[in-house]
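Presented below is the structure to which this report refers.
The values are calculated or read from the model by the stated rules, or taken from the named source; none is laboratory data. Note that the structure is predicted; figures quoted are calculated from it, not measured. Cβ placement follows ideal geometry from the backbone for every residue including glycine, while neighbour counts extend to all protein chains displayed.
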Amino acid sequence: MAKTVRPLAIKDPGPFEVRKPRPGFRFAGPGSPPAGFVNGQNSIGEWYLYWALSRIFEDPDEPRVPPYDGGDRWSYQVPVFGGRDELGGAVIDYVVHMPRSKDVAIDLISGHYHTAAGPEVRAFDRARRRSIQQFMEVIELNEVDIILDPTGEQAVSTTIEALGGRRRIDPSAGTYRKSRAGRLFG
């Protein structure tokens, strides 16, 4: 007589002891922003990038603890040309202090604050970018490229690629990478 075999569950949670988190265990990824981080001048996307930079540079050790001003090799919310208090002033989202080259300003482009805000805001962003490019390199990161992965891995890898000089591929904007296959057929 054939023995009836129970099919495996699609998602087997395993024994209770394995599922139970260790004391002091923190789940991976940025999670929700800490209290006091998000205000009228920033977004959840900025929290993901803040968390990613803290993982890349291993500073600050605990990014969820204020003050939220960055680490030794990077800064958050850096005022330029008088900041928000002066006409024509601005605030750079992030500045990474590069050891052997110009500092790098990271501009996080979000749909709410930049893309859908209208032509005046986009014109201001372009003018601000041109002014900042006089004394530091400016790179743009698209918010949707970093916030869709709750583990934070995409935020870290996208930031590392951007700091390494790789640009986002966007055929509609005319950015692409040359195929390596073309080198084979000389």
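Name the helices (runs of 4 or more DSSP H) wholly inside region 46-163 in which the number of residues that are among the basic types (Lys, Arg) is 1 or more. If you could, list the steps in order and put the result at the bottom.
Details: elements: 119-132, 144-147, 153-163.
Correct list: 119-132.
Residues in region 72-84: is at least one within 15 Å of the chain's Cα centre (by Cα) and buried (at least 19 other Cβ atoms within 10 Å of the Cβ)?
If we filter region 72-84 for residues that are within 15 Å of the chain's Cα centre (by Cα), which is where we start, we get 74-77.
Applying the additional criterion that residues be buried (at least 19 other Cβ atoms within 10 Å of the Cβ) yields 74, 76.
Among the residues of region 72-84, at least one is within 15 Å of the chain's Cα centre (by Cα) and buried (at least 19 other Cβ atoms within 10 Å of the Cβ), which makes the answer yes.
Would you confirm, using the coordinates I've provided, whether ILE139 is touching a Ser or Thr at 6+ places or on another chain (Cβ under 6 Å) and at pLDDT 90 or above? Working first, answer last.
Details: touching a Ser or Thr at 6+ places or on another chain (Cβ under 6 Å): no; at pLDDT 90 or above: yes.
Answer is no for this residue.
Assuming ILE160 fulfils every condition listed in (1) at pLDDT below 95; (2) out of contact with any helix residue (DSSP H, G or I) (no Cβ under 8 Å at 6 or more places or on another chain); (3) among the aliphatic types (A, V, I, L, M) apart from one, which condition is it?
The single condition ILE160 does not satisfy is (2).
If you scan region 92-114, which residues turn out to be farther than 25 Å from GLY164 by Cβ and surrounded by 14 or more Cβ atoms within 10 Å (Cβ to Cβ)?
So the first thing to find is which residues in region 92-114 are farther than 25 Å from GLY164 by Cβ, and the list is 111-113.
Answer for region 92-114, where residues must be farther than 25 Å from GLY164 by Cβ and surrounded by 14 or more Cβ atoms within 10 Å (Cβ to Cβ): just TYR113.
Those residues that are surrounded by fewer than 16 Cβ atoms within 10 Å (Cβ to Cβ) and among the polar types (S, T, N, Q), I need them from region 154-164; list them, please.
Taking region 154-164 first, the residues surrounded by fewer than 16 Cβ atoms within 10 Å (Cβ to Cβ) are 157, 160-161, 164.
Correct list: SER157 only.
Suppose we filter region 115-153 for residues that are within 30 Å of GLU58 (Cα to Cα), surrounded by fewer than 18 Cβ atoms within 10 Å (Cβ to Cβ) and out of contact with any strand residue (DSSP E or B) (no Cβ under 8 Å at 6 or more places or on another chain); how many remain?
So the answer is 9.
Has region 17-37 got at least one residue that is hydrophobic (A, V, I, L, M, F, W, C), at pLDDT 85 or above and not in a loop (DSSP other than H, G, I, E, B)? Steps first, please.
From region 17-37, those hydrophobic (A, V, I, L, M, F, W, C) are 18, 25, 27-28, 35, 37; that's our starting set.
Within this subset, residues satisfying the condition of being at pLDDT 85 or above are 35, 37.
Filter once more, keeping what is not in a loop (DSSP other than H, G, I, E, B): none.
Looking for residues that are hydrophobic (A, V, I, L, M, F, W, C), at pLDDT 85 or above and not in a loop (DSSP other than H, G, I, E, B), one finds none in region 17-37, hence no.
Starting from region 82-103, keep only residues that are free of Cβ contacts under 8 Å to residues at least 40 places away in the same chain, then list their pairs with residues that are part of a helix (DSSP H, G or I) whose Cβ atoms are within a distance under 8 Å, requiring at least 6 positions of separation or different chains.
Filtered contacts from region 82-103: GLY89/GLY83.
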